[in-house]
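Structure first, then comments.
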Amino acid sequence: MSLARDITTVGGGTLISRLLAYLRDAWIAALLGTGPFSEVFFVVLQVVNFFRRLLSEGALNSAFVPIWLRLRSGEDGAANANRFTISALTAVGTITGILVLLATVGAPFIIAVIAPGFEPALQQHAVLLLMIVAPYILFAGLVAVAAAALSAEGRVAAVAVTTVLFNLVLLFALMLMGRSREPFLISFWLAVAVAVAGLVQLSVAGIAIALSGGWRRTRVHAPDHTGVFIRRALPGLIAAGIPQLKLIAAAAIASASPAAVSWLYYANRLYELPLGVVSIAVAAVILPHISTSVHSGNDTALAAAQSRAYEIAAGLALPAAAGFALLADQIAGGLFERGAFTVQDTTAVAGALMAICIGLPGHVLEKVLGAVSFAHEDTRTPMLAALVGLATAIVTGVLLFPRFGHIGIAGAIGASAWAGAGLLTVILRRRGWLRLDAAAARRLPRIGLATVIMAAVVFFAVHALGPAVHSRLAVLVALIMLGIAIYVVSLQLLGVTKIKDLAAAIRRRT
């Protein structure tokens, strides 16, 4: 498949998953609002999301794909690649199985660390929910390896399907609850649904591997690369998990303030729509292309692959950040303000969303630069850059929280993205690993200009509507469509791209 088509497939699956996640969160917001049981569930869900980010959203690709491609291209390639896949599944399954046991036994200690401000009764309920969702860690690890194998083989559609299943299962659970208004039972059954969702994802991924012949036994006795895979994966996994560690740290800082954990959670869920679609799709799909160019020594192809990744990242992240900042109130209100979710909650979530959006381009750039480093089989540098970002988020959040509350914490998370991306840029540039072709050097400034034009039009439209802007959902849709139209027209007038060319690239197969 062409690069554009692969990115569209994976990005489309991620987009569908994120949209389903918003439907799920809007449903939960209507049932639980920002009350104590929503706080408990979201704290536990942060742990689940940590392992999803760590394992299931492309992180293992960083170490797995280059090794798989090298084995596949050698003698007895298919047999060696299959043997490596099975060995990796065994190793990751063992490690995550141990983590499940530790999470179950140590649940009281974990909750005490990540939610120190909770009252004893809420902490006990959080412990119960954490023990219920713990098996998801094992399922996520196995699904991650299967998805990496499918991605390396070019079966990106199967990867996209497994991404969507998690939120489909949770939505199905919410449907089964009907009109239940008992917060304790709602949070309990949602936790059960999380574990079931992991099992469903594993089943579908296993079937996809079987259809590709990945379970065939082989008598080839090639060197075992599992140890190399684990050693290379660990730094990349740490780097991939750090963005979620920022949110866990944010929840710990905010847990003593009523509703602050929920406000930060809802703001981050909105923030993760563009972040997830752009960063996961680009990193998961671009990595095999960059890896192939690195191994072949083709500098022209390498520059082209990197440049297209930068253009796609900037072309989506910049207007998304501007749009979220300008329409934060309409987005938060239109999606969540119903049932137990109040006007005050909308204002609080919108404030956090505006603050965290300053970091969206930085977080996306960090993902793309990480893919460049991973393609050179260096997973340590992105880990160090991510650790710098984590330290920045924690220190800045602690300093800003007393004065600015949860909005200060959101701003700290946004600022931390630029710290990590900046450090990664400096290091990779000094190594000579960053490539930019002439087309990207011409297009990137014009993408920035198109974003400014779109933001200006949307800003004046919001103010021109006046009081009518508070009929949030209808106006939100109209403003989004206006912004997209202005942005696309600007890109064409500035010579960045044309709709017909983009559509042709998506359809074209290599």
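Below is a table of values for the structure above.
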item	result
Fewest-first sequence of Phe404, Phe109 by Cβ atoms within 10 Å of each Cβ	Phe109, Phe404
Computed E for Ala301/Phe172 - FRET, C-beta separation, R0 41 angstrom, nearest 0.05	0.40
Qualifying trypsin sites (Lys or Arg not before Pro) for the stretch 106-207 [loop in DSSP, other Cβ within 10 Å: at most 13]	Arg179, Arg181
Taking Ile207, Ile230, Ile238 and counting other C-beta atoms within 10 Å, the order from fewest to most	Ile207, Ile230, Ile238
Inter-part distance where the stretch 155-177 and the stretch 182-198 are each reduced to a Cα centre, Å	15 Å
GluC sites (Glu not before Pro) lying in DSSP loop within the stretch 35-138, provided at most 16 other Cβ fall within 10 Å	Glu75
Leu399-Ala456 pseudo-label distance in nm [points 7 Å out on the Cα-to-Cβ vector]	3.5 nm
Check: the stretch 3-436 dipole with +1 on Lys, Arg Cβ and -1 on Asp, Glu Cβ, in debye	680 debye
Where labels lie 7 Å past Cα in the beta-carbon direction, separation of Leu19 and Leu211 in nm	2.2 nm
Sorted by Cβ density within 10 Å, fewest first, the residues Ile242, Ile407, Ile110	Ile110, Ile407, Ile242
Calculated FRET efficiency for the pair Asp224/His376, C-beta based, R₀ 22 Å, to 0.05	0.45
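Read the figures in this text as sums done on the coordinates, not as results from a lab. All of these numbers come straight from a predicted model, not from anything done at the bench. FYI the Cβ positions are ideal-geometry reconstructions off the backbone, even for glycines, and counts take in every protein chain you see.
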